[in-house]
Amino acid sequence: MKEAALNVLKTLIKYKVYIVIGVGIAIAAGGGSAFLVTQKAKKNEFAWQNLWKINDDLATATQQAKTEKDKTAALNATADAYKYLRDNISSSNATPWVIFQLGNVYYRLKNYDEAIRAYHDFLARYSGHSLAPVVKQSLGYAYEEKGLYQEAVKQFEDISANSRNFLVAQGNWDAGRCYEKLGQTNDAIRSYTKTIELSPNSNWATMSQYRLTVIR
């Protein structure tokens, strides 16, 4: 549905006006540190509000879309909105999430080169961010979709080596899957075995156990 996709574009145009006005006021006003703190808080709030608005508009547009062409148009419009928000409110604490969502939109569009570029942009700017392991996982999936399995494994194993969360077991499962695609059976066995050791009751362990029975 073209109308649904156009709603996202209209929202983007509205964002442009508001962003320009907000930045103009901040520059014109100047002032002391208290003013700057207040402006920063307002900027962060504004960025988060727009981030959620873009997400909501995309959800609405894709639900109302009748054809794949309509969905693609909505996703492309959303990517433009995220890029504009990224470029114009770069100092906001919402920016890491904007860049991550931009990569995710490109991934949904199967534009894996742009998705990879966005994920790398995130990691270059925010390597210590709590979202970084999820971004590395997404980057690994994008590489896997392009058939770059060794690059994918690098991301998945980096999660396992440097994270202490639920993604570690899944990262080993993902690495094992890619090792299988590379024909590196011993490495696949190692990764699957580690998944089972780390999280024996998880779905990842169940799938890893199945793969081990197939490739051994």
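Laid out as a table, the results:
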{"read-out": "Of residues in the stretch 80-97 being free of Cβ contacts under 8 Å to residues at least 40 places away in the same chain and over 12 Å from the mean Cα position of the chain (by Cα), the one most open to solvent (accessible area, probe 1.4 Å)", "value": "Asp87"}
{"read-out": "Answer from Phe100, Phe46 - the residue that is crowded, with 18+ Cβ neighbours inside 10 Å, in a helix (DSSP H, G or I), more than 16 Å from the chain's Cα centre (by Cα) and among the aromatic types (Phe, Trp, Tyr)", "value": "Phe46"}
{"read-out": "Residue within the stretch 158-174 that is among the basic types (Lys, Arg) and either touching a residue at least 40 places away in the same chain (Cβ under 8 Å) or in a helix (DSSP H, G or I) (or both) present", "value": "no"}
{"read-out": "Only listed residue being out of contact with any helix residue (DSSP H, G or I) (no Cβ under 9 Å at 6 or more places or on another chain) and at pLDDT below 85, chosen from Val20, Val37, Val8", "value": "Val37"}
{"read-out": "Residue under evaluation Ile189, criteria (1) part of a helix (DSSP H, G or I); (2) open to solvent by 40 Å² or more (accessible area, probe 1.4 Å), criterion not met", "value": "(2)"}
{"read-out": "The one condition in (1) in contact with a Cys (Cβ under 9 Å, 6 or more places away or on another chain); (2) assigned to a loop (DSSP other than H, G, I, E, B) that Gly128 fails to fulfil", "value": "(1)"}
{"read-out": "Tally of residues being hydroxyl-bearing (Ser, Thr, Tyr) and in a loop (DSSP other than H, G, I, E, B) across the stretch 192-208", "value": "2"}
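The values are calculated or read from the model by the stated rules, or taken from the named source; none is laboratory data. Fair warning: this is a prediction, and the values are worked out from it, not measured in the lab. Using ideal geometry, Cβ is built from the backbone for each residue, glycine included, and neighbour counts are taken over all protein chains shown. Accessible surface is based on the protein model in full, side chains and every heavy atom, while ligands, DNA and RNA are left aside. Shrake-Rupley method; radii C 1.70, N 1.55, O 1.52, S 1.80 Å.
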